[in-house]
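What follows draws every value from the coordinates through simple rules; no lab data is involved. Treat the numbers as computed from the prediction; the structure is a model and nothing was measured. For neighbour counting, all protein chains shown are included, and Cβ atoms are generated from backbone atoms with ideal geometry for every residue, glycine included.
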Amino acid sequence: MRISKPAFYAFGVTAAAALLAACSGGGSPSSGMAPATGVNSSSVGQVRSLKEHVTLTARISKPLHKRHIKSWVAKDAAAAPRLLFISDDGTNQVNMYTMPGLVLKGELTGFNEPQGMCSDAHGNIWVTDTGTASVIQLSRTGTVLNTVSDGIGFPVGCAVNKKTGDLAVTNIFDDTGSGASVLVYPNATGTPEEFSSSSLTEIFFPTYDASGNLFVDGFGPAGFALGEVPAGSTTLTNVSISGGTLFFPGGLNWDSATSSLVIGDQECGGAGASCQYSATVSGGVATITGSTSLDDKSGLPAGDIDQAVIGPRGRYFAGGIISADSNASSVDRWAFPAGGVPTNFNDTTVVEPIGAAISNK
């Protein structure tokens, strides 16, 4: 059963979860190490063996594009000072690109619904692999270092607290369809602490600020919703939005240059384009202070940008554009906060790019 986001809302969370369960295999969570480039599916806990492609966080979704290739990484990839990793939900792989040139340097295969991504302080990349209900840690040369299993729900996003090494994982909803949750694994290992709130019925993407406060976005009873787990707190609380209206959750980023929360919206203005909003957060209120419109290479408003990532010192944004035309999706880099037409792009290597993360050497 393949469920696009519009169809998901048409029949509700519980029914969607029931359909997902009907087309998934049984199993129990497990953890393991795969000392090889790319993902060895037999080493990852096969919690859900999805028979067909399921897209959870993208506004646009397309059939799985089967590719029969082996993982590969260019020999000079390790020498690159900065690499951009992009998860391609349309091909079940993760791609590696140079920055800022966006030259393809590797394709890692064997994933099952790879979606949101994040990086740690050592330049390693975490990938939420929704189909196996796990989060996979990759080195900057594509070797699997660790696997963290999620036995609660469908993981779609992650963030790393760069000071503590804690790994936050967002479940868009749980196995029963009764709610969403955030799991925080201390130092990215062991038993996680779970957070949930009635104000967030679906949770998409997380990010940490410089002080260790954790922010998440998603949907609540009234539409787009934000939440926060303050540093040291045991509660996920609601964050209201002032100064604008958001429609469809996209990636979250913390802009250390301006101490702002950058909130992605895949339906900017409700018009089907993607943009980023900058906001200051205080007293449980996110006040929008500016917006950045992102265009495609032709200068048209970018359609669906799921999770883009902000660059060092907040000078640029990078991520993928999902196009309704399967031959027109791309990986792009934009000036920030100027936005507009991308300064660089690669439009030949992705089908349905979802997550983005940067590895610094």
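Between Gln266 and residues 5 or more places away or on another chain, which pairs have amide H atoms under 5 Å apart, with H built 1.01 Å from N, and which residues are they?
Phe248, Gly250
What list of ³J(HN,Hα) values in whole Hz, one per residue of segment 337-343 in order, does the Karplus curve 6.51 cos²θ - 1.76 cosθ + 1.60 (θ = phi - 60°) give from phi, with Gly and Pro shown as x?
With the stated coefficients, segment 337-343 comes to x, 5, x, x, 5, x, 6 Hz.
Can you grab the distance from the C-alpha centre of segment 313-359 to the C-alpha centre of segment 98-118, Å, no decimals?
12 Å
Output wanted: per-residue J couplings in Hz (rounded whole) for segment 138-146, from phi through Karplus 6.51 cos²θ - 1.76 cosθ + 1.60, θ = phi - 60°, x for Gly and Pro.
Each residue of segment 138-146 in turn: 10, 6, 6, 10, x, 7, 6, 9, 6 Hz.
Output the Cα-based Rg and Dmax of segment 80-211 in Å, rounding Rg to one decimal and Dmax to a whole number.
14.5, 44
With 10 angstrom as the radius, rank Asp304, Asp347 by how many other C-beta atoms surround their C-beta, starting from the fewest. Don't skip to the end; give the middle numbers.
On the way: Asp304 25, Asp347 17.
By the 10 Å Cβ count, ascending: Asp347, Asp304.
Given just the C-alpha atoms of segment 292-361, how large is their convex hull per residue in cubic angstrom?
Numbers: hull volume 5.8 nm³, N = 70.
For segment 292-361, the hull spanned by Cα atoms encloses 83 Å³ per residue.
Which links in Lys75/Lys105; Lys162/Lys361; Lys70/Lys105; Lys75/Lys163 stretch past 20 Å when you go from one Cα to the other?
Lys75/Lys163
When Lys105, Lys75 are ordered from fewest to most other Cβ atoms inside 10 Å of their Cβ, what list results?
So the residues, fewest neighbours to most, are Lys75, Lys105.
Around Ser134, which amide H atoms from residues at least 5 apart in sequence, or from another chain, sit under 5 Å from its own amide H, with H modelled in the peptide plane?
Asp129, Asp150
Hey, can you rank 133-139, 238-244 by average C-beta count inside 10 Å, highest first?
Output ranking for 133-139, 238-244: 133-139, 238-244.
With just the Cα atoms defining each centre, how far is segment 251-311 from segment 165-230? Give it in Å.
Between the Cα centres of segment 251-311 and segment 165-230 lies a distance of 19 Å.
Which order results if Trp126, Trp254 are arranged by neighbouring Cβ count within 10 Å, fewest first? Don't skip to the answer; put the middle values down first.
Details: Trp126 26, Trp254 21.
With the fewest neighbours first, Trp126, Trp254 line up as Trp254, Trp126.
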